[in-house]
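First the structure, in the form of structure tokens, and then the observations on it.
The values are calculated or read from the model by the stated rules, or taken from the named source; none is laboratory data. Because the structure is a prediction, the values reported are computed rather than measured. Ideal geometry is used to build each Cβ from the backbone, glycine not excepted, and the neighbour counts take in all protein chains shown. Ligands, DNA and RNA are excluded from the accessible area calculation, which covers all protein heavy atoms including side chains. Shrake-Rupley method; radii C 1.70, N 1.55, O 1.52, S 1.80 Å.
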Amino acid sequence: HFFGRKQNCYSIAIKYVHRALRYGVRARKIKKYENRKLWDTRLTAGCLELGTNYTNMKSVMDDVGIAIDRKTLQNMAIWEPRSFRALASLTKAKEEEKGLNCLGGPSSVGVVTRGML
């Protein structure tokens, strides 16, 4: 695929082949990064449309034991909206179930509870 001296001279061709291989590795890394960014954008948009958050959805799915990767999840958001809506409703139900029992809530300073007595 080269032209000029790159095509005819072996030593010069080797340099350009190595350079092309380096660019190929870099391009594959960039492609993975761009795909991940696109999937996250699509998932965030789908979750916001259904009134939930993607990070909460992922944590609830991990707690329940549903193992679906980003690519499959974003394909569900686009092509199977009913299935994605079911996962979003599962997320909402689990968030409501947590309620005040959530450990991530703000700590009350100066409040004495029965457990402290």
Which of the lysines could be linked to K15 by a straight reach, that is with a Cα gap under 21 Å, when you skip same-chain ones fewer than 8 residues away? K6
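What is the extension gain from F3 to D63, computed as 0.36 nm multiplied by their sequence separation minus the C-alpha to C-alpha distance, in nm to one decimal?
On the way: separation 60, 0.36 × 60 = 21.60 nm, distance 5.71 nm.
Once the chain is fully extended between F3 and D63, it gains 15.9 nm.
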Extension length gain for A86 and N53 (0.36 nm per residue less Cα distance), in nm, is 10.5 nm
Can you check what the net charge comes to around I12, using other residues whose Cβ is under 12 Å from the Cβ of I12 (Lys, Arg +1; Asp, Glu -1)? +4
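Can you tell me the FRET efficiency between K94 and A45 if r is taken as the Cβ-Cβ distance and R0 is 30 Å, rounded to the nearest 0.05?
Working: r = 21 Å, r/R0 = 0.71.
After rounding, the FRET efficiency stands at 0.90.
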What list of ³J(HN,Hα) couplings, whole Hz, do you get for the stretch 72-85 from phi and the Karplus terms 6.51, -1.76, 1.60, once you set θ to phi - 60° and write x for glycine and proline? 5, 5, 6, 5, 5, 4, 8, 9, 10, x, 5, 5, 5, 5
At 1.4 Å probe size, with the rest of the protein present, what percent of the exposed accessible area of the stretch 1-87 is carbon and sulfur atoms? 56 percent
Note, S89: beta-carbon cut-off 12 Å, +1 each Lys/Arg, -1 each Asp/Glu, net +2
What distance in nm separates the simple spin-label points at K32 and N75, each placed 7 Å from Cα in the Cβ direction? 1.9 nm
So what's the net charge close to I78: Lys and Arg +1, Asp and Glu -1, counting the other residues with Cβ under 12 Å from its Cβ? 0
Taking the dipole of the stretch 1-85 about the Cα centre (Lys, Arg +1; Asp, Glu -1; charges at Cβ), the one of M61, C9, F84 that reaches farthest to the positive side is C9
